[in-house]
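Quick notes on the structure that follows.
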Amino acid sequence: MKTEKTSKNAAYTGLFAAVAASSCCIPPVIALIAGVGGSASALSWMEPFRPYLIGLAIVAIGYAWYNYLKPKNADDCGCEVDAKPKWFQTKGFLIGITLFAAVSIAFPYYAHIFYPDNKKEVIVVNQSNIQTLKVDVKGMTCVSCEDHVKHAVNELDGIVNVAASYEKENAEIKYDSTKTSKEDIEKAINATGYTVTNKLKDE
């Protein structure tokens, strides 16, 4: 009985750790779907723990599988093992937990599919109106964060191109200064929940 409870707890622990490992990347997608931005970077502080949470998920789910696959013996009281296992002891339960954990861990790598392509074709009347703005952005922790920033900026008129990097913690925006301003761009980025940390300067 104790082994059964431990196995179930291990499976749930693995599932929780897997979801927590990508928790820094899930809020931006939820924010986009819900049409809000302020909570997008709320769990970005968990990003440094991602490798450890992934490791915990693998160990915990691996332990649950070990308990399932090891030879079944009569328990300590000498009773026979029940012929029909409980639902959390079945292969289907463990397969479901394992697949959901894998999908959760991989979330940052496919989160971009939830962001619709809102890039617009900009007709440039005068090339001298095209400005390049480089900004430092605090709070981005994964590719999903980059996509959130790019999506928010592309909602503005006159955006020619947006590039964002969570590794470099910055964004570079080319825009038509007759259609939008650096202040509008700053507001759009800050509205996502990430923060422009440097003084905005055009190049």
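The values are calculated or read from the model by the stated rules, or taken from the named source; none is laboratory data. The shown structure was predicted, so the numbers you read here are calculated from the model rather than taken from an experiment. Neighbour counts are summed over all protein chains in view; Cβ atoms, including those assigned to glycine, are modelled from backbone coordinates with ideal geometry.
Overview of results
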{"read-out": "Flag if ALA74 is closer than 30 Å to TYR194 by Cα, of a type in the set (A, V, I, L, M), modelled with pLDDT under 70 and not assigned by TED's automatic domain parsing to the domain that holds HIS151", "value": "no"}
{"read-out": "The listed residue being at pLDDT 90 or above and either surrounded by fewer than 16 Cβ atoms within 10 Å (Cβ to Cβ) or of a type in the set (D, E, K, R) (or both), out of ASN161, ASN170", "value": "ASN161"}
{"read-out": "Residue within segment 42-50 that is of a type in the set (Asp, Glu) and at pLDDT 65 or above present", "value": "yes"}
{"read-out": "Residue match in segment 16-38 (condition: modelled with pLDDT of 70 or more, more than 13 Å from the chain's Cα centre (by Cα) and in a helix (DSSP H, G or I))", "value": "yes"}
{"read-out": "Lone qualifier among LYS134, LYS120, LYS150, LYS179 - being under 19 Å from the mean Cα position of the chain (by Cα) and outside the structural domain of TYR12 (by TED's automatic domain parsing)", "value": "LYS150"}
{"read-out": "Given (1) surrounded by 15 or more Cβ atoms within 10 Å (Cβ to Cβ); (2) modelled with pLDDT under 85, index of the condition LEU53 fails", "value": "(2)"}
